[in-house]
1. On the given criteria, is Gln218 free of Cβ contacts under 8 Å to residues at least 12 places away in the same chain and among the polar types (S, T, N, Q)?
2. Can you pull out every residue in segment 228-244 that is closer than 23 Å to Lys151 by Cα and charged (D, E, K, R)?
3. So which residues in segment 189-207 are outside any loop (DSSP other than H, G, I, E, B) and in contact with a helix residue (DSSP H, G or I) (Cβ under 6 Å, 6 or more places away or on another chain), if there are any at all?
4. Being farther than 16 Å from Val247 by Cβ, modelled with pLDDT of 95 or more and not acidic (Asp, Glu) is true for just one of Pro190, Pro203. Which residue is that?
5. Could you say whether any residue in segment 212-229 is within 30 Å of Leu58 (Cβ to Cβ), crowded, with 19+ Cβ neighbours inside 10 Å, of a type in the set (Val, Ile, Thr) and touching a helix residue (DSSP H, G or I) at 6+ places or on another chain (Cβ under 8 Å)?
6. Could you grab me the full set of residues in segment 1-49 that are at pLDDT 90 or above and not in a strand (DSSP E or B)?
7. In segment 75-90, is there at least one residue being at positive phi and more than 22 Å from the chain's Cα centre (by Cα)?
8. Give segment 212-227 a look and list any residue that's among the hydrophobic types (A, V, I, L, M, F, W, C), part of a loop (DSSP other than H, G, I, E, B) and away from the ligand (no atom under 16 Å from the Cβ), or say none.
Amino acid sequence: MRLTPEPVTLNLRTAFRIAHGVSHQRFNVFAHLDDGGQHVGIGEGAVVPYYGDTQQGLMDYIAAAADRMGADPFVIEDILDRLPPGPQAAKAAIDIALHDLVGQRLGQPLYRLFGVNPHRLPLTSFTIAMDEPAIMAQRAAESDLPIIKIKLGSDQDEAMVAAIRGVTSARLRVDANAGWTREQAAQLIPRLKQYDIEFIEQPLAADDVEGLRWLKRQNLGVPIFADESIKTSRDIAQHADAIDGVVIKLMKTGGLREALRAIHSARAHGLQIMLSCMVETSVGVTAAAHLAPLCDYADLDGPLLIANDPYRGVRFEGAQLILPDGPGLGVIPA
Ligand code: MG
């Protein structure tokens, strides 16, 4: 099999400002896996700046992994085991391309290979990045979607949530992206609760598991989900008594295979699950969407943030995700 990386520059519809920084463009990588017959699988790796990844780093990793693919895409576990340490997003690109290729060879969409019901996807949230509260409220009013995720971690957090709540009765979730100290979180969360918040993502620093545990003991009345704290299934057990739910992303787990393990591990620990994405095209997000029926919540609006998505896959009817029926991922060039 021949594995080839391809760089892609994504133009964002609006500047994306979160607690980690601001961006107008993102630089992702596609992996194309050609079986030498009539099938080519595709995968995507999203460059996540705050993990220290670069587009060139992902390109180099995929190029270097090309001679480890072998001839048989069906031994996915073996192939992934042969991959050297490196960026999770690059591994995800390879893992997704393998699954796409296998699905195409079998003539079945991935959701059938996973044994899940394609009509049971949770509604997705729509992310509103940080801006002036009035501008965020305007975006919320225009979006007309039933679930909004608000990016926080500024000195105007309560004003942002209040402004948005003032214009919508949508379900609201907030994501602090590790932007608060323990004291800020303990003070802010009860204040945010009055705006009817469904849950809070990653209030504290990624490595502050003790802080999460302390926060849970405060009984603040809003469920806490861990995102940056949990990358793979290995991280779940030690957080299980400190949080209410986990945020799973293919770019953290390194693909579908490990995402499935993380989902099962979270369930075994009695945790809720939100399936989420980075800034990803229809390739990465469609891959994730095939696992969405196994999760409680979806945050898969990546393609809606991008003005020049080169592919089409999962469709959005408002907040409802519609999986494509084609074999493998089911994505096609836009
Ligand atoms: Mg998050």
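The values are calculated or read from the model by the stated rules, or taken from the named source; none is laboratory data. Just so it is clear, the structure is predicted and the values come from calculations on it, not from any experiment. We place every Cβ from the backbone using ideal geometry, glycine too, and count neighbours over all the protein chains shown.
1. Considered against the rule, which asks whether it is free of Cβ contacts under 8 Å to residues at least 12 places away in the same chain and among the polar types (S, T, N, Q), Gln218 comes out as no.
2. Glu228, Lys231, Asp244, listed by residue number.
3. Across segment 189-207, the qualifying residues are Arg191, Leu192.
4. When all the criteria are applied, what remains is Pro190.
5. No, because not a single residue in segment 212-229 is within 30 Å of Leu58 (Cβ to Cβ), crowded, with 19+ Cβ neighbours inside 10 Å, of a type in the set (Val, Ile, Thr) and touching a helix residue (DSSP H, G or I) at 6+ places or on another chain (Cβ under 8 Å).
6. Met1, Asp35, Gly36, Gly37, Gln38, His39, Ala46, Val47
7. Within segment 75-90, none of the residues are at positive phi and more than 22 Å from the chain's Cα centre (by Cα).
8. The one that is among the hydrophobic types (A, V, I, L, M, F, W, C), part of a loop (DSSP other than H, G, I, E, B) and away from the ligand (no atom under 16 Å from the Cβ): Leu220.
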